[in-house]
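The values are calculated or read from the model by the stated rules, or taken from the named source; none is laboratory data. None of these values were measured; they are calculated from a predicted model. Don't worry about glycine lacking a Cβ; one is built from the backbone with ideal geometry, like all the others, and counts go over all protein chains shown. In case anyone asks, the SASA skips ligands and DNA or RNA and just uses the protein heavy atoms, side chains included. Shrake-Rupley method; radii C 1.70, N 1.55, O 1.52, S 1.80 Å.
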Protein chains: 4
Amino acid sequence: MRIWFIGAYGIVSTTAMAGGKLIEQGRIDTTGLVSSLPQFEGIEKYAPLNFEFGGHEVRKADNAYVAALQHWEQNRHFEKEHLEEVRSELEQIRASRGTAINCGSGVQALGELDILENEKKTLAEIVEQLEKDLKSFADDDTVVINSASTEPLLNYSEKYHGSLDGFEEMIENDVKEHASASILYAYVALKNRIPYGNFTPSAGSSIPALKELAIEKKVPHAGNDGKTGETLVKTTLAPMFAYRNLKVLGWMSYNILGDLDGLVLSHRENKESKVISKDKVLEKIYGYSPFSITQIEYFPSLVDNKTAFDFIHFQGFMGTQMKFYFIWDAIDAIVAAPLTIDIARFLLFAKKKGLYGVIKEMGFFFKSPMDTNNVNTHSQFVELVEWFRENI
Amino acid sequence: MRIWFIGAYGIVSTTAMAGGKLIEQGRIDTTGLVSSLPQFEGIEKYAPLNFEFGGHEVRKADNAYVAALQHWEQNRHFEKEHLEEVRSELEQIRASRGTAINCGSGVQALGELDILENEKKTLAEIVEQLEKDLKSFADDDTVVINSASTEPLLNYSEKYHGSLDGFEEMIENDVKEHASASILYAYVALKNRIPYGNFTPSAGSSIPALKELAIEKKVPHAGNDGKTGETLVKTTLAPMFAYRNLKVLGWMSYNILGDLDGLVLSHRENKESKVISKDKVLEKIYGYSPFSITQIEYFPSLVDNKTAFDFIHFQGFMGTQMKFYFIWDAIDAIVAAPLTIDIARFLLFAKKKGLYGVIKEMGFFFKSPMDTNNVNTHSQFVELVEWFRENI
Amino acid sequence: MRIWFIGAYGIVSTTAMAGGKLIEQGRIDTTGLVSSLPQFEGIEKYAPLNFEFGGHEVRKADNAYVAALQHWEQNRHFEKEHLEEVRSELEQIRASRGTAINCGSGVQALGELDILENEKKTLAEIVEQLEKDLKSFADDDTVVINSASTEPLLNYSEKYHGSLDGFEEMIENDVKEHASASILYAYVALKNRIPYGNFTPSAGSSIPALKELAIEKKVPHAGNDGKTGETLVKTTLAPMFAYRNLKVLGWMSYNILGDLDGLVLSHRENKESKVISKDKVLEKIYGYSPFSITQIEYFPSLVDNKTAFDFIHFQGFMGTQMKFYFIWDAIDAIVAAPLTIDIARFLLFAKKKGLYGVIKEMGFFFKSPMDTNNVNTHSQFVELVEWFRENI
Amino acid sequence: MRIWFIGAYGIVSTTAMAGGKLIEQGRIDTTGLVSSLPQFEGIEKYAPLNFEFGGHEVRKADNAYVAALQHWEQNRHFEKEHLEEVRSELEQIRASRGTAINCGSGVQALGELDILENEKKTLAEIVEQLEKDLKSFADDDTVVINSASTEPLLNYSEKYHGSLDGFEEMIENDVKEHASASILYAYVALKNRIPYGNFTPSAGSSIPALKELAIEKKVPHAGNDGKTGETLVKTTLAPMFAYRNLKVLGWMSYNILGDLDGLVLSHRENKESKVISKDKVLEKIYGYSPFSITQIEYFPSLVDNKTAFDFIHFQGFMGTQMKFYFIWDAIDAIVAAPLTIDIARFLLFAKKKGLYGVIKEMGFFFKSPMDTNNVNTHSQFVELVEWFRENI
Ligand SMILES: NC(=O)c1ccc[n+]([C@@H]2O[C@H](COP(=O)([O-])OP(=O)(O)OC[C@H]3O[C@@H](n4cnc5c(N)ncnc54)[C@H](O)[C@@H]3O)[C@@H](O)[C@H]2O)c1
Ligand SMILES: NC(=O)c1ccc[n+]([C@@H]2O[C@H](COP(=O)([O-])OP(=O)(O)OC[C@H]3O[C@@H](n4cnc5c(N)ncnc54)[C@H](O)[C@@H]3O)[C@@H](O)[C@H]2O)c1
Ligand SMILES: NC(=O)c1ccc[n+]([C@@H]2O[C@H](COP(=O)([O-])OP(=O)(O)OC[C@H]3O[C@@H](n4cnc5c(N)ncnc54)[C@H](O)[C@@H]3O)[C@@H](O)[C@H]2O)c1
Ligand SMILES: NC(=O)c1ccc[n+]([C@@H]2O[C@H](COP(=O)([O-])OP(=O)(O)OC[C@H]3O[C@@H](n4cnc5c(N)ncnc54)[C@H](O)[C@@H]3O)[C@@H](O)[C@H]2O)c1
Ligand code: NA
Ligand code: NA
């Protein structure tokens, strides 16, 4: 199958590319890949474990190997040998020039960008070029995954985002202030009947206009925001307190990570929501909003080794208070990369099975799953398995 | 409803008694009580929240208040006021003299015991006396809960434990070496059609003879061993690694607690299974046996404040290793006590609905649930809810 | 001896009062009291363990018992019996009306204040009244301890704070914008030859004008800011990395606590120094400034149970990176209260031995010790012992 | 300078060799090396940072590079490049055949041993051969470091270990049951006036006979057992509780590690001292013996990544109990290796300064420092610095 990564030279994308090729060559096993669990037997027929990769990027690099090597130098996130084993395959992956429209200062700070708007293109011209790139790569077995840097909140407009007509009017009339890279990429994918998965919190395909397009084109999509670290543990553990009728008095989630992603996210979080006292995930699980702290801070020496410190203060029988602490010490891209492949595989499976629109049964993979309130990891998994079994 | 506790003066039992009466009087809310969750609406009709308590004991104490106060002095496990609020109710609870047959040196070490066998009674006479005590208390809404000290492993005999006939032969012929207190208590309960819940790892009703009796008498029972601390967290969290196809390289569970229970359990564990390298719970969840350490040590100053340290070493995509740590800092009796009430309520519900034999859908409450391999907290909860909804 | 607490109804002060009387009556041992260690044998002669307490306050309460009880209701920070044992003694302690001049919105938020400036007094009149209160209590064995709420940073003026003449000019001319409660209290104490200890980060006696006054009056003083929780551990542990020539790549210190102090401090810290990337304590120990996070957040259910999460990322031989984590789970007032008594005792000892000015050998007790760069807990302790031994 | 390692192909020794050569070549900095701190300026004159290495071994390997590579394959304890940078230097280091006399089943389990006693040599012949090997390598600037596997407890004999005469009688009369490898190696070193440092808990030079020899030969020695992990932190932190007069109610130290050392130590510890309820280090610091657990367990996937979990339960003012937790996540050999170089340097410095016998001021480096009760990391460091400054 073919995967087109938006953000092709990022650490998540390049790790997925390396890992995908290594699996294809039988050099590593499928640890980390949900879709390879026995529960999903039969998926190989629809989405086999061999890959071609392409993508859009805004940073210049010679090829995916060079980009991967830079990430490796900073992170040593896997054995160096593995990178060398797929060097030639990665060297052949060269990303197409993308757009960074309204991607904010975080993306601007990545360095001198190599982007379509440098050529003063209109939205229509940008979209046309993106479409040309994608179509030159895509076959019937292609999925687009957005793993580009997180954009600022979309400047939402009911007029331009609320319906497909409005959206296309925005493009035609070149209304740049309401466009953003992620929605343009998603538009191009869906328009061409290519399933689209959004691994980031950016808007992507989650606006009404693009949900409408997906229905019209009968193409499946899923998102938003890969559930990898502290949220994964939280949505696994939080139900336990609910099942046992234990009252959560407070939940502290404190995350530190380095690298540019850390710096960017830290800025964003600080500005928007330094201390989020109502955590939506907890509210959905408990039906009430326990006091909650969710913070993310930059800690340079950790680079991509995101570390989360959680503390849960809870009350039991007869009012007695008790405590729970956890530390999650993981490599963000290592947890994330196989999920991008999983998302691509399940979307391709859905497409081949004639399913379309938001695949809400794929909520298992996302922090903010579209069109569902199910955030409990366990019931999400059960839902995913049942959905798969019903459709296979 | 009425609950008869084996081990009536223990910390779990007395906390359940105090809490039960406090709930009945509306002095505390139902935090900690699973059966009061909205999912179990309707249970009140079958097992209302008002209680009478009795039980068997082997230690002398004037009454349940005195026993509760002794536990309180050492543990301060809830607000002192609460104990005083139900003082007169607890003072009226006086346990009957029980049996400590083959309960091992741990129970002998509890001090001078006040037990039936002191009077050189035969098994038949002991059983007769236990039955008399229980029948003088029990009505149609009574449940027996075993929350006595843990016995040593039963000296299992196919002849005497393998069938009801053999069991009754053992009693008649006074074959003391194959009897144990917990199986005698369980026998008496089931024989009298009183539902029986085993909160301890002792044999209780889990031998074939007594399963047979439960079927014959059409009475429900459930067990073994309340799932309260580290195992609760483990069976909640472990599935997450399975769902994500992450490979567990090792799982360390190190528990410390004080009080006599701690000392006793520590001895037992040390002798039998100091380092259990194959943890059954993990094997059931993963299908393979990760390297695993499960230890429990005595730490006197913590008394009933059981603290668990867990470390999970796991492998992700491309072979990269990652780490997870947690600390559970809870009060054992506070987590346990409401569950004994829950077990009693669900068993009474089952009885009234005509259900009998092992209620395997109650596995949610147990570390070693009878007749099921489902040890995943989440699917156990789902199973419990579905079972309740189907039968209500 | 006599101790006059500024902030007499606070949790630290009332805990010190209760504990002090309990020690005097032999009801508790001296655990927590540094000055009772064998190394300080002989101090009893100068500062015996019997106490009279008084103080200034800005919040209304009937007496110290009532104030202590309020704190107890929220915190259960010690056995209730202890409070009752000294109830009558605490009921006799009634604080005098203080000043809250330039104490900021945090103090204003404590409720309706009962303060001298309500009567539109000039600075000179306020000082006169404070002096009158203090003199009516103080004898030759009296020490003033500032344990009032933390003030905002002093609006420093070289003219008014740089010399004693300037300071007194400020008072005479009623230059309120450069005054603050803590410096007025400190002035009154030192002027009357009463040793002064500053347990808070407020300016207190640390401005040049008051250091000059202490020298002129030959009275000892010490401060600032009691070293109780995370900083205590940090300044104990950090030297280990230095001794072993291990390079600290980053040090995260994340503190949560509830109660009003937590809320106030959180605000202050957030505004001034949300992420302090250069931690002065670490710089003094290492000679370089490792990347560092120091944060304090409000977590209401913990009340005074301050919990600190620290993570140290360090580099060893051949560049290999390693990790250290700690969790400090303590009751702030319990760690703090005995130190206020210690500070009072050592200051009284110093006075009786004819020592005066900043007693920099008392740095062991403070987060920001005056006139010294020694922040290493161990060398501070050695220094304290040696100073005591030389002067006894 | 020259260092002769007993256990030359172990992970500590080979890491020290690689690191030593890398420092010599300026390829890495001196992080981790205590002797390179500014406090020890001047040591370079006596023990410069250039090295020749040799040693005794019992396992066959072509050379130190091959041995180092095997450790690296399992541990990735430093950057692979570093190993290649000094490959040719390490390839030239070929260990001499040693003795494993009375080294126990742990050492036997290392595989087929290549040892002198295979040739049925007498003790006298073994000693002669060891001496020959060492003398062929040693110059005036040579130090012997014992970093071989830990031996079982010495079968102590007053006759043979209590005096030098007895010791030499043991050799002459070939009394093998009272010999052990570590004391023979130590004998050979000291006899030839070569300073000897014992990084292991084995007897080494700590018996009276060899202390006598060191005095007679005027040669310095030091030991036992490198203080690297949990004990380092414990002896740094424990004094804090003493300084603050906080009462330690219990201290739990739970260590896990993999590799053969882990397996061996685990066995040994299990047998001798599974739960050591009186921890000597704590007793020396506190003057009383808090309840204490010290355990070490095998956890294979961690290999040399020793992880320690500590929990301290302590009591403060007014009897209130509080808690402290820490996790030490380090690479054992990385912490250990530079210390072996430090010990060698300080011993050489001592020799050149005419100091001899046990250098008790070097206790900073050891878990069980000889001839001193000072186990406090901080006062040990102060003592080391003062000793150095006085003698330079
Ligand atoms: N565990 C995880 O790593 C994880 C989990 C959930 C979500 N995410 C999200 O995945 C995304 C990628 O994370 P990462 O760690 O790989 O970050 P990264 O910074 O390494 O990679 C992002 C890449 O996207 C490129 N890019 C930025 N804007 C673009 C645009 N408009 N068009 C095309 N390319 C663009 C960047 O140049 C960069 O190469 C982020 O949005 C992150 O928030 C990651
Ligand atoms: N969280 C928990 O506390 C928890 C969880 C799971 C299982 N359990 C089990 O529950 C049981 C009770 O725990 P606890 O903490 O209350 O212990 P406990 O020691 O406070 O109480 C046990 C009581 O049983 C009595 N007893 C002992 N043998 C008896 C016998 N043969 N007949 C009648 N009474 C007898 C003892 O005298 C004591 O009063 C234990 O078996 C324990 O392993 C407890
Ligand atoms: N571990 C610790 O608790 C600790 C450690 C270091 C420093 N401190 C400092 O000690 C001080 C007291 O802490 P606390 O926990 O007792 O706080 P608290 O809020 O319980 O007590 C402070 C008291 O000071 C009173 N007050 C405020 N402004 C005043 C003024 N101008 N004059 C007289 N009284 C005034 C308040 O009304 C209150 O009763 C704080 O400044 C805190 O930062 C505490
Ligand atoms: N942080 C640490 O690593 C640390 C700390 C304190 C003490 N130590 C001690 O240092 C020693 C070495 O530790 P390691 O991790 O390098 O272990 P290791 O097993 O990697 O190395 C020990 C080496 O000694 C060799 N050996 C065994 N017996 C011998 C003998 N009689 N003569 C010569 N060689 C012999 C073995 O073959 C092996 O190559 C151990 O005793 C350990 O307890 C290590
Ligand atoms: Na805790
Ligand atoms: Na870690």
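How many residues, within the stretch B:54-86, are under 25 Å from A:MET322 (Cα atoms), away from ligand 5 (no atom under 16 Å from the Cβ) and free of Cβ contacts under 8 Å to residues at least 40 places away in the same chain?
Residues in the stretch B:54-86 being under 25 Å from A:MET322 (Cα atoms), away from ligand 5 (no atom under 16 Å from the Cβ) and free of Cβ contacts under 8 Å to residues at least 40 places away in the same chain: 9 in total.
Being facing chain B (nearest Cβ under 9 Å) and open to solvent by 10 Å² or more (accessible area, probe 1.4 Å) is the filter here, so list the residues in the stretch D:236-256 that pass it.
Scanning the stretch D:236-256 gives a single hit, D:LEU249.
Here is a yes/no grid of residues against (1) farther than 23 Å from C:LYS352 by Cα; (2) charged (D, E, K, R):
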{"residue": "C:ALA18", "(1), (2)": "yes, no"}
{"residue": "C:ASP29", "(1), (2)": "yes, yes"}
{"residue": "C:VAL34", "(1), (2)": "no, no"}
{"residue": "C:GLN39", "(1), (2)": "no, no"}
{"residue": "C:GLU52", "(1), (2)": "no, yes"}
{"residue": "C:LYS60", "(1), (2)": "yes, yes"}
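At least 2 residues that are open to solvent by less than 30 Å² (accessible area, probe 1.4 Å), more than 20 Å from C:GLN74 (Cβ to Cβ) and more than 7 Å from every other protein chain (Cβ to nearest Cβ) in each: list the strands (runs of 3 or more DSSP E) lying fully within the stretch C:277-344 that qualify.
It comes to C:291-298, C:307-315.
Scan the stretch D:17-32 and give yes if some residue there is polar (S, T, N, Q), within 25 Å of D:PHE366 (Cβ to Cβ) and either touching a residue at least 12 places away in the same chain (Cβ under 8 Å) or touching a helix residue (DSSP H, G or I) at 6+ places or on another chain (Cβ under 8 Å) (or both), otherwise no.
Yes.
Quickly run through the stretch D:331-358 and pick out the residues that are more than 9 Å from ligand 4 (Cβ to nearest atom) and within 12 Å of the chain's Cα centre (by Cα).
Passing the criteria: D:PRO338, D:ILE341, D:ASP342, D:ILE343, D:ALA344.
Hey, among the residues in the stretch A:265-301 that are modelled with pLDDT of 60 or more, among the polar types (S, T, N, Q) and in contact with a strand residue (DSSP E or B) (Cβ under 8 Å, 6 or more places away or on another chain), which one's nearest to A:TRP251 (Cα to Cα)?
Here the answer is A:SER292.
Taking D:PHE364, is it away from ligand 3 (no atom under 16 Å from the Cβ) and either more than 30 Å from C:ARG27 (Cβ to Cβ) or more than 8 Å from chain C (Cβ to nearest Cβ) (or both)?
Criteria met by D:PHE364.
Okay, residues lined up against (1) in contact with a Ser or Thr (Cβ under 8 Å, 6 or more places away or on another chain); (2) outside the structural domain of C:ILE341 (by TED's automatic domain parsing); (3) of a type in the set (Lys, Arg):
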residue: C:TYR9; (1), (2), (3): no, no, no
residue: C:LYS21; (1), (2), (3): no, no, yes
residue: C:GLY26; (1), (2), (3): no, no, no
residue: C:SER35; (1), (2), (3): no, no, no
residue: C:GLN39; (1), (2), (3): no, no, no
residue: C:ILE43; (1), (2), (3): yes, no, no
residue: C:PHE51; (1), (2), (3): no, no, no
residue: C:VAL58; (1), (2), (3): yes, no, no
residue: C:ASP62; (1), (2), (3): no, no, no
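So if I check each of B:ALA203, B:ALA209, which one is away from ligand 1 (no atom under 16 Å from the Cβ), open to solvent by less than 10 Å² (accessible area, probe 1.4 Å) and more than 14 Å from chain A (Cβ to nearest Cβ)?
B:ALA209
B:GLU158 - would you say it is without any contact (Cβ under 8 Å) to a residue 24 or more places away in the chain and surrounded by 15 or more Cβ atoms within 10 Å (Cβ to Cβ)?
no
If I go through the stretch A:192-228 residue by residue, how many of them are among the hydroxyl-bearing types (Ser, Thr, Tyr) and closer than 11 Å to A:VAL358 by Cα?
3
Going by what's in this entry, would B:MET370 be described as more than 16 Å from ligand 6 (Cβ to nearest atom), facing chain A (nearest Cβ under 10 Å) and hydrophobic (A, V, I, L, M, F, W, C)?
In short, no.
Could you list all residues from the stretch D:118-149 that are charged (D, E, K, R) and under 20 Å from D:PHE5 (Cβ atoms)?
D:GLU131, D:LYS132, D:ASP133, D:LYS135, D:ASP139, D:ASP140, D:ASP141
May I ask you to list the residues in the stretch A:345-380 that are part of a helix (DSSP H, G or I) and either open to solvent by 10 Å² or more (accessible area, probe 1.4 Å) or of a type in the set (A, V, I, L, M) (or both)?
A:LEU347, A:LEU348, A:ALA350, A:LYS351, A:LYS352, A:LYS360, A:GLU361, A:MET362, A:SER379 - these are the residues of the stretch A:345-380 that are part of a helix (DSSP H, G or I) and either open to solvent by 10 Å² or more (accessible area, probe 1.4 Å) or of a type in the set (A, V, I, L, M) (or both).
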